[in-house]
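Sharing a structure, written as structure tokens. Questions coming.
Values quoted throughout were computed directly from the atomic coordinates according to the rules given, and no laboratory measurement underlies them. All of these numbers come straight from a predicted model, not from anything done at the bench.
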Amino acid sequence: AGSVTRDADGAVRVGGVDVREIAREHGTPAYVMDEDDFRARARAWREAFGEGADVYYAGKAFLSKAVVRWLHEEGLNLDVCSAGELATALAAGMPAERIAYHGNNKSLAEIERAVTVGVGHIVLDSFQEIVRVAHVAQSHGVRQKVLIRVTVGVEAHTHEFIATAHEDQKFGIPLAGGQAAEAVRRALQLDGLELAGIHSHIGSQIFDMAGFEVAARRVVGLLAEIRDEHGVELPEIDLGGGLGIAYTSEDDPQGPHEIAKSLGEIVGRECEGAGLAVPRISVEPGRAIVGPTAFTLYEVGTLKPLDGLRTYVSVDGGMSDNIRTALYDAEYSVALVSRASDAGPMLARVVGKHCESGDIVVRDAFLPDDLAPGDLIAVPATGAYCRSMASNYNHVTRPPVLAVKDGGTRVIVRRETEEDLLRLDVG
Ligand code: LLP
């Protein structure tokens, strides 16, 4: 997070608050989010893309009412992909026209809700959905603004489970074989739809702009085809999210200004080549905004030194608050934050408390050799896809999200209680 400092006694302060105080008052594990850092990142994206573009924060990375309010105040729009995300956005006062609705299998009820509350646009993901959305819109006497999501056939260099633009996966309509062109043909014929543009999302945790370049080129190519066939220039393109963040010191992400500049140049050049007016560009960063703004605070429970191997350091959370290591082999770093230590390095594996050996939070890390039960350790860059993918595995309660700012701490998502766990059991 942005404002992390160490006191003379070695305790870490974030947003002016001592982590030991956070642990005492709110318990561990806890996600600690730096509000100023979140707002600064959101604002940086907004400013980098400027007035001619829209930034839709991807709510799947992390969503709560507080975060929706921050985004609203900083001038960002919101991308949601379920009725639950939409409900959260509306409950926090995000204007419906600033919401984009995504998903590869939206239910009729979800489509009804999106259309009737008046979301800004719906991203159509299949041939069936083109007809469904048109039908719902028409039955309500409205023309729904839509984009069509296409798969451009790019192999993004990221984990297989989070790459989304190659052909053999469930999202979007392939450009290949003229399928996307056919989808456009159908959408243009339906009265209930106002086709505003084309959407592409190539994957997540990407560092290389080459994939975006190919995607932009192919999307602009489709716009040119559409102009030639139908005589219309669609006014918008959305290039999705996916910009990577630094999980360890080996990652070197670009900032929003560099990204805005290169996307602007690529789209500008391609449009000039095709003789098209430059469309309005939108992007959907999730991780790049929220990921770096939070860390997870854990208390060390047991230590198990295995001779010649490593020391297993067990913490009071695990795969229920961070599934990313188990699921994607994700890499994280970790630090002792409750005190100073000048002990030598100890090769550690930070593991959780769940009944499964894959319950690893940080696979390989060095921690001080004098680490002891009761020490607090922090895993940085857990703002994205950790709380939002948290589970109640083994009936653990999900941790709270705490916002720190100006020396104060505010609960923005409270810790679950045993009552919460039992509230759905009937009988
Ligand atoms: N737009 C669309 C259409 C998306 O599907 C996604 C992410 C985003 C934007 C935001 O991508 P971001 O900027 O956050 O990379 N659970 C995985 C990531 C899944 C991403 C799904 N879609 C993880 O923990 O790495």
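For each pair in Lys65/Lys353; Lys60/Lys106; Lys145/Lys261; Lys106/Lys145; Lys65/Lys145, compute the distance between the two Cα atoms and list the pairs where it is over 21 Å.
Cα-Cα > 21 Å for Lys65/Lys353; Lys145/Lys261; Lys65/Lys145; rest within.
Determine the principal axes of the Cα atoms in the chain, then give the extent along each, sorted from largest to smallest and rounded to whole angstroms.
71, 53, 40
Could you work out [θ]222 nm for the chain from helices alone, using -39500 (n - 2.57) per DSSP H run of at least four and dividing by all its residues? Round to the nearest 500 deg cm²/dmol.
Values: 12 runs with 129 residues, N = 427.
Rounded to the nearest 500, the figure is -9000 deg cm²/dmol.
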